[in-house]
Every structure is written in structure tokens, then in C-alpha cells.
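K.L.:
One structure coming up, written as C-alpha cells, with questions to follow.
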Amino acid sequence: MNFHNASFKAAYGTSAQLPASTQPEVSFAGRSNVGKSSLLNKLMYRKGLAKVSSTPGKTATVNFYDVDGQALVDLPGYGYAKVSKSELGRWSDLIEGYFNQDRQFALVVSLIDIRHEPSALDRHMVQFLQDAELPFAIALTKADKMSKQQAMKQLSMIRKALNTPKEVPYVVTSAEKGTGIEELRRLIADALGA
Ligand SMILES: Nc1nc2c(ncn2[C@@H]2O[C@H](COP(=O)(O)OP(=O)(O)O)[C@@H](O)[C@H]2O)c(=O)[nH]1
Ligand SMILES: [Mg+2]
């Protein structure tokens, strides 16, 4: 799977607009500002394909990317405090709509900031993935913000807090430094059988 061969396909703002799933897809979930767009850009060797924003809570759409004929899906970020009630409603509609559809979920990459204890929303997301028996992996983001030794400590703390089954992979990443990116590409390609 050649991650250089990437393009933006489409963005959808309501779950009713989501096209039926015709191929397996790898989706990315995480709280607003966790570094999802930055990580996607790094994976796809592109600077601005996914919009990186300094004002969080803006990407309330489901964005589809084509990577070498495979589908990657950027889900809207959760947990931004300042969104209005109607925005929150739209977010739930999109996320629930996406996961409730009959789609080919190859892998969900759940992004969590390595610096902090997982929030209630993070834990909720991971619990949901477990309950729904979806294949998922955890990507810990922004590892360049600390030493390697600290990162290992945070990894074990977060693992404990989330209490995931032992087969769930954790990848320590940095979109800034490129840490863990190749490992994540491998996980994605394996999940897609590509
Ligand atoms: N130091 C550091 N900052 C990052 C990293 N990834 C993202 N950021 C910063 O975090 C902020 C949010 O990033 P963005 O990718 O837009 O997050 P999203 O809302 O989850 O899509 C931006 O200011 C990024 O520059 C990383 O790996 N290291
Ligand atoms: Mg984003």
C-alpha cells in the first residue's frame, strides 16, 4: 500500500449523506485538537491534505481519503467545550450514524494525547469500540512533547487506565517527529490486507 498515492475524496456533514460502504475502511477518532489531521497528513506524506486547525472543534464533517485505492476516514473530533448544542447534536448524528451503518470497519484508530490521563470521553470512545467488537488500535499522539522515558511511563499509565484486551495495539506517535508513523502505516495496511 503506497501512502504517497493519497487524495481527498469527500466530506459529509450529516449521516444521511454518508455513502454506502463499498470497501473496507480505516477510520480515525479522537478528541478535538488531539492531532488527528496532523497524523493523517504525516501518514499520507502530505502537508495540507487534512486541515490542521489552531481553532479546535471545527472539523464537524466525516472526511474520506483515498490512499492507493483504500479508504481512510477522518471522523469529527469530540469533546470541544465551546461548541453549541446544535453542533453537538450534529456531531452525535455523524458519529452514531457512521458507526450504526452497515459498513466494512477494517480498523478504528483511536487517538489519545500521550500527555494526559484519558478523559471520560476518551474512555467512552474506547469502551464503545470494545462493546461494538470493532477492531481498533490506540495511537498516542504528540510524543515529541516529552522524553522517551516519560513516553513509556505514560504508555503504561494509559494502557492501565483504558484496560483494553491485550491484543489491542498501542502506537506511540509524533506527527512532528515522525515517531511511530511507519508502524501505524503497517497496522493500517495489514488491516486492509493491502
Ligand atoms: N508537538 C506536536 N504538536 C502537534 C502534533 N500533532 C498535532 N500537533 C498540534 O496540535 C494542534 C491540533 O492539531 P490537529 O492536527 O489540527 O488536531 P485535530 O483537531 O485532532 O485534527 C495543532 O496546533 C498541531 O500543530 C505532534 O505530534 N506534536
Ligand atoms: Mg482535524
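K.L.:
Given the chain, what percent of its DSSP beta bridges are antiparallel, to the nearest 5?
P.N.:
Restricted to the chain, the bridges split so that about 35 percent are antiparallel.
K.L.:
Report, by chain and number, residues whose modeled amide H sits under 5 Å from the one on ARG31, excluding near sequence neighbours (fewer than 5 apart, same chain).
P.N.:
TYR78
K.L.:
Hey, if you put +1 on the Cβ of every Lys and Arg and -1 on every Asp and Glu Cβ in the range 6-192, which of ALA10, ILE114, ASN100 ends up farthest toward the positive end of that dipole?
P.N.:
ILE114
K.L.:
Over the range 121-194, what lengths in whole Å, largest first, do the semi-axes of the equivalent ellipsoid take, defined as the square roots of 5 times the eigenvalues of the alpha-carbon gyration tensor?
P.N.:
21, 18, 9
K.L.:
If you rank THR173, THR61 by how much accessible surface each has, with a 1.4 Å probe, what is the order from largest down?
P.N.:
THR61, THR173
K.L.:
If each DSSP helix of 4+ residues adds -39,500 (n - 2.57) and the sum is divided by the residues in the chain, what number results at 222 nm, nearest 500 deg cm²/dmol?
P.N.:
Calculated at 222 nm, the ellipticity per residue is -10000 deg cm²/dmol.
K.L.:
Moving on to the next point. In debye, nearest 20, what is the charge dipole magnitude of the range 6-192 about its Cα centre with +1 on Lys and Arg Cβ and -1 on Asp and Glu Cβ, if you could check?
P.N.:
For the range 6-192, the charge dipole is close to 800 debye.
K.L.:
Note down the net charge around PRO165, summing +1 for each Lys or Arg and -1 for each Asp or Glu among other residues with Cβ under 13 Å from its Cβ.
P.N.:
Spelling it out: positives minus negatives among the neighbours equals -1.
K.L.:
Can you pull the accessible area of PHE128 for me, 1.4 Å probe, Å² to the nearest 10?
P.N.:
Counting only protein heavy atoms, the figure is 80 Å².
K.L.:
Please arrange THR179, THR22, THR164 by accessible surface area, largest first, computed with a 1.4 Å probe and ligands excluded.
P.N.:
The residues order as THR22, THR179, THR164, largest area first.
K.L.:
Using a 1.4 Å probe on the protein heavy atoms only, what accessible surface does VAL172 show? Give it in Å² to the nearest 10.
P.N.:
Per-residue accessible area (VAL172): approximately 30 Å².
K.L.:
So, one more: Excluding the sites themselves, what is the longest stretch of the chain that contains no GluC sites (Glu not before Pro) in a DSSP loop with at most 12 other C-beta atoms within 10 Å?
P.N.:
Looking at the chain, 1-132 is the longest stretch - no exposed GluC sites (Glu not before Pro) with at most 12 other Cβ atoms within 10 Å.
K.L.:
Principal axes first, then extents: for the Cα atoms of the chain, list largest minus smallest coordinate on each axis, whole Å, largest first.
P.N.:
Dimensions of the chain along the principal axes of its Cα atoms: 45, 40, 33 Å.
K.L.:
How much area per residue is accessible in the range 6-192 when the probe is 1.4 Å and only protein heavy atoms are counted (Å²)?
P.N.:
Accessible area per residue: 50 Å².
The values are calculated or read from the model by the stated rules, or taken from the named source; none is laboratory data. Keep in mind the model is a prediction, meaning the values are calculated, not measured. Heads up, the Cβs are rebuilt from the backbone with ideal geometry, glycines too, and the neighbour counts pull from every protein chain shown. Each accessible area value is taken on the protein alone, full model and side chains, heavy atoms only, with ligands, DNA and RNA left out. Shrake-Rupley method; radii C 1.70, N 1.55, O 1.52, S 1.80 Å.
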